[in-house]
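Shown next, in structure tokens, is the structure this report addresses.
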Amino acid sequence: MSNLIQLNAANGVAEIVQDAWTRVIPPAAGEESVRKQAGKVVLFKLTGEQTYTPEQVANTTIPASGKILVPLTVWQARKAELQTRMQAGEVGIVLATHETAEALKAEFNDLNSLPIIAIYVERFADGRIFTLGNWLRTRYGYTNELRAIGDVLRDQLFFHKRAGFNSFLIRADRSAQDAIASLNDFSQPYQGAVNDVPVWRRMNRA
Amino acid sequence: MYKYDKIDQQIVNERVAQYRDQTRRYLGGELTDEEFRPLRLQNGLYIQRHAPMLRIAVPYGLMSSTQLRKLGEIAKRYDRGYGHFSTRQNLQLNWPKLEDVPEILAALATVEMHAIQTSGNCIRNITTDQFAGIAPDEIIDPRAIAEIMRQWSTFHPEFALLPRKFKIAVSGTTQDRAIVQAHDIGLEFYKDAQNQMAIKVWVGGGLGRTPILGTVIREHLEWQHALSYCEAVIRVYNIHGRRDNAYKARIKILVKALGIEEFRRQVDEEWTHLKEGALTITQAELDRVAQYFEPMPYETLPAHDASFDTAVASNPAFAAWAKRCVHGHRVPGYRAVTISLKPHGKAPGDITSEQMQVVADLADAYSFGELRSSHEQNLILADVKLSDLFAVWEKARAADLATPNIGLLTDIICCPGGDFCSLANAKSIPIAEAIQMQFDNLDYLYEIGDIELNISGCMNACGHHHVGHIGILGVDKDGSEWYQVTVGGKQGNDASIGSAIGPSFSAEEMPGVVQRLIEVYLQQRSDEERFIDTVRRIGVAPFKAHVYAEQKEGASAS
Ligand code: SF4
């Protein structure tokens, strides 16, 4: 069963749908040394840090056909070979939470030429995903599918939705069916969000 | 004070339901410890040494008598019959059961209270001056904007998982009492040249492991932009804060690393996109919220009251209390009263369920049914008539709530420390109690005069030790508990971070160390000089010399 939740474009209702996209995942880096800071293992990459080594990018296997979700780093290095598929609408881009919206924008003059952008959150506690979603929607005017992938869990879904995401690939070991309920945890949130204004502009509270 | 409408009530009700389900899933094994952790923290629930600790939000320290009564009931029913007021104006329960928390939240929701975002890596409870709205030196009552910010920050979808906790303080007085310089964002309200409400914005202050006072990022911000500007600041922080290292993840480290100029440039750039948008606070919304903070229906009273004057003249104990626990009020014939939660020999900030009922009754009878908590961990009745002070004193005294020590050495600010907190290096409450007993002589306390002593059980600095005139910090040395002493810290407009005087001391030595610091002060002070003034004039060296001189003769500390 699919673990992909999508908000219906017409009525906003969440439904579980088949995933048409295949993620392109680079091979693991050779011997990845465990990084530590102040005695603790570093769990989050800093914004702007390298995602994949040139070697990993070069060794990435890209399926020969079908719709593919390609990491930004892979796209940057290998766009020549993906050009026609991009034009056919078969390529989407994966941006990691430590990558920047500017870097993505630098690649695509019109972000809406992309049928889908997925933001990969390695750990659910990384709240950069919300700002990235917000930026893509409000700053860069991106209107196509925006998908949260990675460590995507139901207790953050309400925030993902308000940050502009309209599809959510729930982590494989969790039930998307259960998670759907959390998209409606709150009926009248206080503050504005992507596509929403603060409650005092939404309704008369006097 | 602010009253919930349907929207507010619905949000806390939905929160109770949400958290009930999260707890159910955790207990049922559907959520791992790691996944549940930020969820429970954002609901104020810590897993502590002996039991969980639940931190209940008291937004900007304002409560009704009904709310305090309910807190008393909850403490009795779900805890051991007492609570603890923290340095961030919240109430902490030390012994609740994890599985009872949904019920506690449901009970809180019946009195318009909650525990939302009292912990975790999100925007925390916004704090302010405990005398907001009534202080004679107040220029602007910051509470309406504080409430607007509370709502904006509650379940903010973009700032739900920041690199680290984020604390905002607001203040609208000439004498800062909200330590705005020690917060991630400090908003100082003032009237600008056009007589409009404006904000001076401080950023990047914070105590903890790396104590830094904030820097002014913007001298003049129109109040309409309070939300959009904060949003720009926090957005830059959310993206660029040091998520790789929890000890460097506060905004102060980012501001320091970039430098204030560059940080300001990034914020301003972000802000240009937000500035005139939907976040702009409208006059209508300000008015809607401000109506809840209108002045109380005061009586017209003379500035003096004969019965009060007589009682002061004839009753030295009352006079002592009136001197220390009664504060000026902008309305003639009224005073603010501090209910001391610092009786000598008890944990600072602790209050029993019975005492909560007493204070709630006092608030109903004498102070329009409202009260406040202070970051000094006391309670305030903000609007008491001069002629009622004696009655308030008698009733408070009968409940051990009238120790006349406010602003004195035994009005110690103290975190829960090693008795409760699992992060602690050392106990803090027994140190506070021992110092209180050492100085359990009111005449001597008055002789010493105004002084602030702060104790934290570890470098997280919940007891704000860096800004105490005397600061005590619990440190761990080879598994045993030691205490490092700083002098010269100060809160307020001329805030400063204290300097360490030297090697640390054992718990037994601490009352004596404080004693010797006081001796130096009493010997060196001139005229009306307060302890902090003397330290600033003569420096730390004489204090250090006297403290360690005696030590050389006796047993030596490491
Ligand atoms: S200062 Fe340390 S010991 Fe004290 S409450 Fe905070 S974390 Fe716990």
Next item on the list: Report the percentage of all Cα-Cα pairs in the stretch B:351-403 whose separation exceeds 12 Å, rounded to a whole percent.
Entry: 63
Notebook entry, point to check: Isolated Cys in the protein assembly as shown by the 4.7 Å beta carbon test?
Noted result: B:Cys122, B:Cys230, B:Cys325, B:Cys414, B:Cys421, B:Cys458
Next item on the list: Quote the relative contact order of the stretch B:306-398 in percent (integer), defining contacts as alpha-carbon pairs under 8 Å separated by 6+ residues.
Entry: 31
Check: Treating the beta-carbon of each Lys and Arg as +1 and of each Asp and Glu as -1, no other charges, what is the dipole magnitude of the stretch B:413-557 about its Cα centre, to the nearest 20 debye?
Finding: 480
Check: Which order do B:Cys421, B:Cys462, B:Cys325 take when ranked by solvent-accessible area (1.4 Å probe, heavy atoms of all protein chains), largest first?
Finding: B:Cys462, B:Cys421, B:Cys325
Check: At the nearest 100 Å², what buried accessible area, both sides summed, do you get for B and A when the probe is 1.4 Å?
Finding: 4300
Item checked: Ranked by how many other beta carbons lie within 10 Å on average, peptides A:64-77, B:403-416 from highest -> B:403-416, A:64-77
Check: Rounded to the nearest 5, what % of the DSSP beta bridges within chain B are antiparallel ones?
Finding: 80
Check: Pulled fully out, how much extra length does the chain show between B:Ser422 and B:Asp287, if you take 0.36 nm times their separation in residues and subtract their Cα-Cα distance?
Finding: 44.2 nm
Next item on the list: Using R₀ = 25 Å, calculate the FRET efficiency as 1/(1 + (r/R₀)^6) where r is the Cβ-Cβ separation of A:Ser65 and A:Phe108; round to 0.05.
Entry: 0.65
Check: Average partner chain C-beta neighbours within 10 Å, per residue of B:156-168?
Finding: 6
Next item on the list: Could you tell me the accessible area of B:His50 in Å² (1.4 Å probe, neighbours in place), rounded to the nearest ten?
Entry: 120
Next item on the list: Could you work out the Rg to Rh ratio of the protein assembly as shown, with Rh taken as the Kirkwood radius (inverse of the mean 1/r over all Cα pairs)?
Entry: 1.00
Check: What 222 nm value per residue comes from the helices of the protein assembly as shown, counting each DSSP H run with n ≥ 4 as -39,500 (n - 2.57) and dividing by all residues, nearest 500 deg cm²/dmol?
Finding: -10000 deg cm²/dmol
Margin query: Among B:Ala434, B:Ala461, B:Ser499, whose Cα projects farthest towards the positive end of the dipole of the stretch B:379-508, with charges put on the beta-carbon of Lys, Arg (+1) and Asp, Glu (-1)?
Written below: B:Ala461
Checklist line | Signed unit charges on C-beta, dipole axis of the protein assembly as shown, positive-most listed residue B:Ala57, A:Ala176, B:Gly83 | finding: A:Ala176
Margin query: Need one value for B:273-280: mean number of C-beta atoms belonging to other chains within 10 Å of its residues' C-beta atoms.
Written below: 3
Note to self: In the stretch A:165-202, whose amide N lies under 14 Å from the spot 7 Å out along Cα-to-Cβ of A:Gln18? List them in ranges.
What the structure shows: none
Item checked: Estimated distance in nm for a label pair at A:Ala80 and A:Asn184, the labels positioned 7 Å out from Cα along Cα-to-Cβ -> 5.2
Next item on the list: Return the distance in nm (one decimal) between the two label points of a simple spin-label model at B:Gln9 and B:Met296, each offset 7 Å from Cα along Cα→Cβ.
Entry: 2.6
Check: Dipole size in debye (nearest 20) for the stretch A:52-202 around its Cα centre, Lys and Arg Cβ +1, Asp and Glu Cβ -1?
Finding: 380
Notebook entry, point to check: Which residue, chosen from B:Asn94, B:Ala317, A:Val91, occupies the Cα position most advanced towards the positive end of the dipole of the protein assembly as shown, where the dipole is computed from +1 (Lys, Arg) and -1 (Asp, Glu) charges on Cβ about the Cα centre?
Noted result: A:Val91
Note to self: Using the Cα centre of the protein assembly as shown as the reference point, and only Cβ charges (+1 on K/R, -1 on D/E), how large is the resulting charge dipole? Debye, rounded to the nearest 20.
What the structure shows: 1400
Checklist line | Inter-chain shielding of B:5-12 (mean C-beta neighbours from other protein chains, 10 Å cut-off) | finding: 3
Margin query: When a/c reaches 1.5 or more, the comparison of a/b and b/c decides; with that in mind, is the stretch B:134-293 rounded, prolate or oblate per its Cα gyration tensor?
Written below: prolate
Next item on the list: Kindly write out, for the stretch B:285-294 in residue order, the coupling ³J(HN,Hα) from the Karplus curve 6.51 cos²θ - 1.76 cosθ + 1.60 (θ = phi - 60°), rounded to whole Hz, with x marking Gly and Pro.
Entry: 6, 4, 5, 4, 6, 5, 4, 7, 10, 4
Checklist line | Extension gain, B:Ser387 back to B:Glu354 (0.36 nm per residue minus Cα-Cα distance, nm) | finding: 9.3 nm
Check: Going by accessible area, probe 1.4 Å, with all protein chains left in place, what is the ranking of A:Leu169, B:Leu274, largest first?
Finding: A:Leu169, B:Leu274
Note to self: Run the simple label-point estimate for B:Asn441 and B:Asp494 please: 7 Å along Cα→C-beta, distance reported in nm.
What the structure shows: 3.1
Item checked: Gap separating the Cα centres of the stretch B:223-249 and the stretch A:21-68, nearest whole Å -> 27
Check: Counting only protein heavy atoms and using a 1.4 Å probe, what share of the accessible area of the stretch B:405-558 belongs to carbon plus sulfur, as a whole percent?
Finding: 50
Next item on the list: Please pull out the direction-averaged projected area of chain B, using the convex hull of its alpha-carbon atoms, in nm² to one decimal place.
Entry: 25.9
Notebook entry, point to check: Where in the stretch B:221-240 does the label zone of B:Gln194 land, with the point 7 angstrom along Cα→C-beta and an amide N cut-off under 16 Å?
Noted result: B:221-226
Note to self: Rounded, prolate or oblate, given the Cα gyration tensor of chain A, with a/c below 1.5 counting as rounded?
What the structure shows: prolate
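The values are calculated or read from the model by the stated rules, or taken from the named source; none is laboratory data. Just so you know, these numbers come straight off a predicted model, no measurement behind them. Note: ideal-geometry Cβ built from the backbone for every residue, glycine included; neighbour counts use all protein chains shown. Just so you know, the surface numbers come from the protein's heavy atoms only, side chains and all, with ligands and any DNA or RNA stripped out. Shrake-Rupley method; radii C 1.70, N 1.55, O 1.52, S 1.80 Å.
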